[in-house]
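The values are calculated or read from the model by the stated rules, or taken from the named source; none is laboratory data. These figures come from a predicted structure and were not determined experimentally. Backbone-built Cβ (ideal geometry, glycine too); neighbour counts: all protein chains shown.
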Amino acid sequence: EPEVTQTPSHQVTQMGQEVILRCVPISNHLYFYWYRQILGQKVEFLVSFYNNEISEKSEIFDDQFSVERPDGSNFTLKIRSTKLEDSAMYFCASSRQVGNQPQHFGDGTRLSIL
Amino acid sequence: AQKITQTQPGMFVQEKEAVTLDCTYDTSDPSYGLFWYKQPSSGEMIFLIYQGSYDQQNATEGRYSLNFQKARKSANLVISASQLGDSAMYFCAMREPLRNNDMRFGAGTRLTVKP
């Protein structure tokens, strides 16, 4: 069964450094998402992406965040200057359509900021 | 206001028994979708089951079923014949496609299956 893949599984970065989290969505999916989950807390929406542009973003997704689909398969989340509070699990998800279609999640990237 | 409420931070169930995980939601939209995800200790998010607001019947998927009570705005997950591998966090989530594309998650319920 096709799945969303995320790399790396764990990223450790110094505060203030830039980090890029990578995702390969399911190949026939058109909608892509990033979520984050701070340890022990609920999953929070960051951004959705469709047709090569951001369709929605939450208040968490401020100017230090950006997303890109640099080629036909990868979908990346960049955090420009990381802060301690960016430490979390970051999930990429994709869906074939919007509406009431399930979003399929990757296994996540655990980001640790030192 | 919370869109999704899961009132049970932790639940215990004996192996082979059924368990119900509660979820209530808040929306005024006529069209919405309700989802349950399982998160084992390894961290991945596994889609389990989906219920659409217009669906006439409760969704079922193997040992998972969704007890959808629209008037009460509840969408409880029922796991039958619990297995040790069912021990995990379970998240209820909702999408309101008329408003946006994102999913709003509840705080989750940690289920522990006892042998």
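Got a sec? Which of B:Asp55, B:Asp29 is on the phi < 0 side of the Ramachandran plot, touching a residue at least 24 places away in the same chain (Cβ under 8 Å) and part of a loop (DSSP other than H, G, I, E, B)? Can you show your working first?
Working: B:Asp55 fails: touching a residue at least 24 places away in the same chain (Cβ under 8 Å).
Result of the check over B:Asp55, B:Asp29: B:Asp29.
Sort through A:Glu44, A:Glu68, A:Glu3 and tell me the only one that's surrounded by 12 or more Cβ atoms within 10 Å (Cβ to Cβ), under 30 Å from B:Ser53 (Cα atoms) and within 14 Å of the chain's Cα centre (by Cα). Before you say what the answer is, go through the steps one by one.
Numbers: A:Glu68 fails: under 30 Å from B:Ser53 (Cα atoms); A:Glu3 fails: within 14 Å of the chain's Cα centre (by Cα).
Answer to the selection: A:Glu44.
Can you find, within the stretch A:71-98, the residue that is farthest from A:Gln14 (Cα to Cα) among those that are over 11 Å from the mean Cα position of the chain (by Cα) and among the hydroxyl-bearing types (Ser, Thr, Tyr)?
So, considering only residues that are over 11 Å from the mean Cα position of the chain (by Cα) and among the hydroxyl-bearing types (Ser, Thr, Tyr), the one farthest from A:Gln14 (Cα to Cα) is A:Ser95.
Under the condition of being within 14 Å of chain B (Cβ to nearest Cβ) and touching a residue at least 60 places away in the same chain (Cβ under 8 Å), which residue from the stretch A:57-97 is farthest from B:Ser42 (Cα to Cα)?
A:Gln97
Looking only at strands (runs of 3 or more DSSP E) that fall completely inside the stretch B:66-114, which ones have 1 or more residues that are farther than 13 Å from B:Ala18 by Cα and either away from chain A (no Cβ under 14 Å) or modelled with pLDDT under 95 (or both)? Spell out how you get there, then give the answer.
Details: elements: B:74-79, B:88-95, B:103-105, B:109-114.
The strands (runs of 3 or more DSSP E) meeting that bar are B:74-79, B:88-95, B:103-105.
For the stretch A:6-21, name all the residues that are over 10 Å from A:Leu111 (Cα atoms) and of a type in the set (Gly, Ala, Ser).
Residue satisfying the conditions is A:Gly16 alone.
Is it true that B:Tyr54 is modelled with pLDDT of 90 or more and crowded, with 18+ Cβ neighbours inside 10 Å? Before you say what the answer is, go through the steps one by one.
Numbers: modelled with pLDDT of 90 or more: yes; crowded, with 18+ Cβ neighbours inside 10 Å: no.
So B:Tyr54 does not fit the description; no.
Restricting to the stretch B:74-84, count the residues that are surrounded by fewer than 16 Cβ atoms within 10 Å (Cβ to Cβ) and touching a strand residue (DSSP E or B) at 6+ places or on another chain (Cβ under 8 Å). Write out each step before concluding.
So in the stretch B:74-84, the residues surrounded by fewer than 16 Cβ atoms within 10 Å (Cβ to Cβ) come out as B:80-81, B:83-84.
Filter once more, keeping what is touching a strand residue (DSSP E or B) at 6+ places or on another chain (Cβ under 8 Å): B:80, B:83-84.
Adding up the residues that qualify gives 3.
Can you tell me which residue is farthest from A:Gln97 (Cα to Cα) among those in the stretch A:35-56 that are more than 9 Å from chain B (Cβ to nearest Cβ) and assigned to a strand (DSSP E or B)?
Within the stretch A:35-56, the first condition is being more than 9 Å from chain B (Cβ to nearest Cβ), and the residues that meet it are A:36, A:38-40, A:49, A:51-54.
Now restrict to residues that are assigned to a strand (DSSP E or B): A:36, A:49, A:53-54.
On the way: A:Arg36: 21, A:Phe49: 12, A:Glu53: 15, A:Ile54: 15 Å.
Among them, the one singled out is A:Arg36.
Can you tell me which of (1) of a type in the set (S, T, N, Q); (2) within 14 Å of another protein chain (Cβ to nearest Cβ); (3) assigned to a strand (DSSP E or B) is the one B:Ser42 doesn't meet?
It fails just one condition, (3).
Residue by residue through the stretch A:12-49, note down the ones that are in contact (Cβ under 8 Å) with a residue 24 or more places away in the chain and hydroxyl-bearing (Ser, Thr, Tyr).
The answer is A:Thr13, A:Ser27, A:Tyr31, A:Tyr33, A:Tyr35.
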